[in-house]
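Here it is, the structure in full.
The values are calculated or read from the model by the stated rules, or taken from the named source; none is laboratory data. Everything numeric in this text was worked out from a predicted model, so none of it was measured. No Cβ is skipped: glycine too gets one built from the backbone with ideal geometry, and neighbour counts run over all protein chains shown.
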Amino acid sequence: MRRLPDLTDSFPGPFPVSPHAPHVQAQLEEWLTRYPLIGSERARHALCDITAHGIARTFPTADAAGLEIAADLLLWLTAFDDAHAEQEGARDPAALVRRIAAFLRPGADGELPGGTDPFGAALADVLARARRRAAPEQYVRLTSALRDSLYGLVWEAHELAGGGRVEVADYRAMRPHTVFVRTVVATAEPVLGYTLTPDERDARPVRELESAVGDLAGWINDLASYERERKRSGGRDPFSLPALLAAEHGCDVDKAFEMIAAMCEEEARRARARITELTAPDSASSTATATHARALESIAASYVWHIGHGRYGG
């Protein structure tokens, strides 16, 4: 059995869970009835389950309305990736660019996407609710992160169309966007009701914590989803860190798993050190900074929880 990271020292469970998880799951099911983004009933139920229970661990102290926004946006990104960006995008990257172009307008000029397309209509719905809840600068950050995630999907499709062999450093730089963790982080402030000042946001401990959580999320996902993605691609190595690292180091995938598991454990320790620093009772951190650190802690915990979910069982 391939090695997965042991993160219990840095992120010991059980993780706090919002009491609104069942409500959010029911709301997601209803939302997908209004906006049919997923054709398969089995896939729809699985995605609603992992999204609702993942978001309940991502923001365990959020109110129900905030959780609904976070869950809907994450589900939208995941469903769009599954339906249009992975294999389909690699077959025709230009078509993916054209499809995404309308979704980029919210970050560019504040307009919401429209039309009768289910993905456009669903995104318009969730962004309208986010805009009502968020301060203007929070909404700009959220839509900018969304734009970066969509750009990441275009990058991924382009590289897959070219054979999927990129430098590990390039892949690592893009992975926080394609795993959507940057967008999840951008939802934290409006969902939890705090705001960092520019100086607080730019502080080195905050930037290092965000970087560690971003890396950890992508690497965990690549390990957990490797077999599922391999089966979906007909037995070929997926476009993910294990395959790229194995190619770069001239080793097999099992050895790459060992290397990535060790990387995850080290990054988790780095994240935990910064969380401890920023939330210590005698810390000079502001209340907003401490709240942000705790939000990043729960975001990391939610990705750790994802390792054992049935969605990644194939």
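Counting only residues that are touching a helix residue (DSSP H, G or I) at 6+ places or on another chain (Cβ under 8 Å) and closer than 27 Å to P14 by Cβ, which one in region 24-42 is surrounded by the most Cβ atoms within 10 Å (Cβ to Cβ)?
Here the answer is V24.
Something else: Tell me which residues, restricted to region 188-246, are of a type in the set (S, T, N, Q), surrounded by fewer than 17 Cβ atoms within 10 Å (Cβ to Cβ) and outside any loop (DSSP other than H, G, I, E, B).
S211
Go through region 150-176 and give me each residue that's touching an Asp or Glu at 6+ places or on another chain (Cβ under 9 Å) and among the small types (G, A, S).
Selection gives A157, A161, G164.
Just one of the numbered conditions (1) more than 15 Å from the chain's Cα centre (by Cα); (2) modelled with pLDDT of 95 or more is not true of T183; which one?
If we test T183 against (1) more than 15 Å from the chain's Cα centre (by Cα); (2) modelled with pLDDT of 95 or more, just (1) comes out false.
Yes or no, residue by residue, for (1) closer than 21 Å to P242 by Cα; (2) in contact with a His (Cβ under 7 Å, 6 or more places away or on another chain); (3) at pLDDT below 95:
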| residue | (1), (2), (3) |
| --- | --- |
| L153 | yes, no, yes |
| A169 | yes, no, no |
| H177 | yes, no, no |
| T187 | no, no, no |
| V191 | no, no, no |
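Every residue in region 165-203 that is more than 26 Å from A71 (Cα to Cα), touching a helix residue (DSSP H, G or I) at 6+ places or on another chain (Cβ under 8 Å) and small (G, A, S), please.
A203
Does any residue of region 83-105 turn out to be of a type in the set (D, E) and closer than 16 Å to L28 by Cβ?
Looking through region 83-105, none of the residues is of a type in the set (D, E) and closer than 16 Å to L28 by Cβ.
Pairs, please: C-beta under 6 Å, at least 6 apart or cross-chain, first residue within 14 Å of H177 (Cα to Cα) and without any contact (Cβ under 8 Å) to a residue 12 or more places away in the chain and in region 215-231, second of a type in the set (D, E) and assigned to a helix (DSSP H, G or I)?
Taking only residues 6 or more apart or on different chains, not a single pair turns up.
Looking only at region 153-173, filter to residues that are within 22 Å of V213 (Cβ to Cβ) and surrounded by 21 or more Cβ atoms within 10 Å (Cβ to Cβ); which one of those is nearest to the chain's Cα centre (by Cα)?
Only one residue tops the list, namely L153.
Here's another thing I want to ask about it. Return yes when A85 is buried (at least 22 other Cβ atoms within 10 Å of the Cβ) and under 15 Å from I299 (Cα atoms) and no when it is not. Step through it out loud before you land on a result.
Details: buried (at least 22 other Cβ atoms within 10 Å of the Cβ): yes; under 15 Å from I299 (Cα atoms): no.
No, not satisfied.
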